[in-house]
Amino acid sequence: MLRMSVPVCVVVVLLMIGIAGCEKKSGEAVVLSKEHIDAAPPIKETPNAQSATTPEAKLRPMADDEIAVDGYVMKPEARGTSHDPRALKDEQWIVKVRMLDNGRTFQVPADKAKWEKLRENDRVKVRYRTGKYSGTVWAAEIE
């Protein structure tokens, strides 16, 4: 009986920490930009896949024909396509917003219908959570 209650207890404690470790916020925001990213092509899995990073890996300067987007370096023609390094298995519709009350800027995933209706400089109501200690924005959504 004790063995069954320990995992449940651990889950309850983790949920309590998760709930206590974030703050729910909402407010008005201005749409800065919209971006659509195609779904990534399916990846063939190899049985003995190894990490591409090696101890000898060195940082290199960005080439003249590359751009940096959200911390990823890519060719301009790859942005928004299935070859975009940010591409996931599903299509993404991303809206970049700036909160009016605190000036914070972050990206909000949206569904296709909302994404198509929005235009730059539109005002929207956004709900999101921030980490109490890190200030990281997560679980953002447009109402």
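The values are calculated or read from the model by the stated rules, or taken from the named source; none is laboratory data. Treat the numbers as computed from the prediction; the structure is a model and nothing was measured. Glycine also receives a Cβ, built like all others from the backbone with ideal geometry; neighbour counts cover every protein chain displayed. Note: accessible area is taken over every heavy atom of the protein model, side chains too, but ligands, DNA and RNA are not part of it. Shrake-Rupley method; radii C 1.70, N 1.55, O 1.52, S 1.80 Å.
Find out how many positive minus negative residues lie around ARG98, taking Lys and Arg as positive, Asp and Glu as negative, among other residues whose Cβ is under 11 Å from that of ARG98.
On the way: positive: LYS96, ARG104, ARG123; negative: GLU28, ASP101.
After counting each charged neighbour, the total is +1.
Accessible area of the stretch 56-119 with a 1.4 Å probe: how many percent of it is carbon plus sulfur? Walk me through the intermediate numbers first.
Numbers: 2420 of 4640 Å².
Taking all protein chains in place, the stretch 56-119 shows 52 percent carbon and sulfur surface.
Suppose the Debye formula is applied to equal point scatterers at every Cα of the stretch 36-143; what is log10 I(q)/I(0) at q = 0.10 Å⁻¹?
Scattering profile of the stretch 36-143, log10 relative to I(0): -0.44.
Before I look further, what does the stretch 24-143 give for accessible area per residue, probe 1.4 Å, in whole square angstrom?
Details: 8860 Å² over 120 residues.
Roughly 74 Å² per residue, with all protein chains present.
Return the sequence-ordered ³J(HN,Hα) values of the stretch 72-88 in whole Hz as given by the Karplus equation 6.51 cos²θ - 1.76 cosθ + 1.60 applied to θ = phi - 60°, using x for Gly and Pro.
10, 9, 7, 6, x, 6, 7, 4, x, 9, 5, 9, 5, x, 8, 5, 10
Using each residue's phi in the stretch 33-44, evaluate 6.51 cos²θ - 1.76 cosθ + 1.60 at θ = phi - 60° and report the 3J(HN,Hα) Karplus result to the nearest Hz, with x for Gly and Pro.
Per-residue couplings from phi come out as 7, 10, 8, 10, 10, 5, 5, 6, x, x, 9, 7 Hz.
Let me check I've understood the local charge: for TYR72, count other residues with C-beta under 12 angstrom from its C-beta, Lys and Arg +1, Asp and Glu -1. What total comes out? Before the final figure, lay out each step's value.
Values: positive: LYS75, ARG79, ARG86; negative: GLU66, ASP70, ASP84.
So the environment of TYR72 carries a net charge of 0.
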